[in-house]
Amino acid sequence: MKKILVTGGLGYIGSHTALSLIEKGYDPILLDNLSNSEQFIVDRLESLSKKKIKFYNSDLSDELALNQIFSDNEIDSVIHFAAFKAVGESVANPIKYFSNNINSLSSLIKVMNNNKCKKIIFSSSCTVYGEPKKIPVDEKAKIQKAHSPYGETKQICESMLEHSASAYDLKVISLRYFNPIGAHDSGVIGELPIGTPQNLIPFICQVAAGIRDKLLVWGKDYDTYDGTAIRDYIDINDLADAHVISLAKHDALEDNFNVFNLGSGSGTSVLEIIETFEKVNGVKVNYEYADRRLGDVEKIYCDPSKANRLLNWNTKRSLEESLKTAWRWQENLL
Ligand code: UD1
């Protein structure tokens, strides 16, 4: 059975991907430093999958430990999620982001090379496009200056991987996610923010649950149909599946460095998210307007046709389903 190292394997996208990998017959080995996740996710993944999961509580900066993990396991491919990901925090503390996100990938590439592991799937983001000149944005769009240090780290990491693909014969798939939302149907794993949630849906869930008074909608003067910012929200289960499909297609792709947009292909405003959440879950979300958040772009959604065509991947879940599972997960936390 092919062994896949999943870095950041207990995080939001990592945990859903791990489950999807097991369901498709892969043997994921999870690595996480628990900086933004909890160890009990391992138990939950084991009970959902009915499989024993190998987990390493380790940091990628520890190259000796990482080398040992590669020596002890025959790792065929890596899916690299481990990184900090809050746009606002990255503006306030840029060095935390540059230091962690770039150094961890650098260690990983070195150790992969030492161990002749040649395949990597990288967790990139639509943030590499900055404020795109044309939407829907496709992969040929010129990379603009990112709006945040977080975005810049994703751009730099893609560049490191592109150079490594030619220098070390690495085979790279970089998946540019738009905005992942929702949870596993069981409501047993989901997005687990530690401290105050930075992302929209976890914050909405906590307001609806009465944990927080109100949501602040950042910006009502954007040049959009209702003045609030527009994003392309994609269901976490669809996103997890895209990683499993990418693994299977890895060898068949002609190029050594491949980028794919992963999104629904349509844009939704913050107000539309609030209204839909209230409607499908029968709950109230109190909100008020506040100034724009530093680092935010006005509107972005993608053209996902390259992934549809070359990976044969399509989204299956609606926005309504994602917002229902997000709320189911929140209710289970109460
Ligand atoms: C950004 C990245 C995305 C990445 C994510 C990781 C861009 C365009 N997108 O998402 O690729 O996966 O970071 O964290 O850079 N909002 C509020 N109030 C809140 C929280 C959010 O109004 O309390 C608004 C934001 O201003 C934004 C939308 O909701 O318009 C979505 O925000 P969020 O969930 O934080 O994701 P992005 O910043 O879009």
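Just so you know, all these numbers are worked out from the coordinates, no wet-lab data involved. Computed from a predicted structure; not experimentally measured. Here Cβ is always computed from backbone atoms with ideal geometry, including for glycine, and neighbour counts include all displayed protein chains.
Which of the residues spanning segment 224-260 are surrounded by fewer than 21 Cβ atoms within 10 Å (Cβ to Cβ) and among the polar types (S, T, N, Q)? Selection gives Thr224, Asn256. Within segment 66-95, the residues that satisfy the criterion of being loosely packed, with under 15 Cβ neighbours inside 10 Å and not polar (S, T, N, Q) are Asp72, Glu74, Ala92, Ile95. If you filter segment 201-227 down to residues that are within 13 Å of Ile274 (Cα to Cα) and of a type in the set (Val, Ile, Thr), you find that the one that is nearest to the ligand (Cβ to nearest atom) is Val217. Within segment 85-98, if we keep just the residues that are in contact with a Ser or Thr (Cβ under 7 Å, 6 or more places away or on another chain) and within 14 Å of the ligand (Cβ to nearest atom), the residue that is farthest from Thr196 (Cα to Cα) turns out to be Tyr97.
Filtering segment 99-141 to residues that are part of a loop (DSSP other than H, G, I, E, B) and within 16 Å of the ligand (Cβ to nearest atom) leaves Gly130, Glu131, Pro132, Lys133, Lys134, Ile135, Pro136, Asp138, Glu139, Ala141. Out of all the residues in segment 154-168, is one or more surrounded by fewer than 20 Cβ atoms within 10 Å (Cβ to Cβ), of a type outside the set (D, E, K, R), within 11 Å of the ligand (Cβ to nearest atom) and not in a loop (DSSP other than H, G, I, E, B)? No: segment 154-168 contains no residue that is surrounded by fewer than 20 Cβ atoms within 10 Å (Cβ to Cβ), of a type outside the set (D, E, K, R), within 11 Å of the ligand (Cβ to nearest atom) and not in a loop (DSSP other than H, G, I, E, B).
Only one of the numbered conditions (1) surrounded by 15 or more Cβ atoms within 10 Å (Cβ to Cβ); (2) free of Cβ contacts under 8 Å to residues at least 12 places away in the same chain; (3) among the charged types (D, E, K, R) is violated by Asp59, and that is (2). Within segment 253-276, residues that are farther than 19 Å from Ala229 by Cβ have Cβ atoms under 6 Å from residues that are charged (D, E, K, R) and not in a strand (DSSP E or B) in these pairs: Phe257/Glu162; Val259/Glu139; Phe260/Lys306, counting only partners at least 6 apart in sequence or on another chain.
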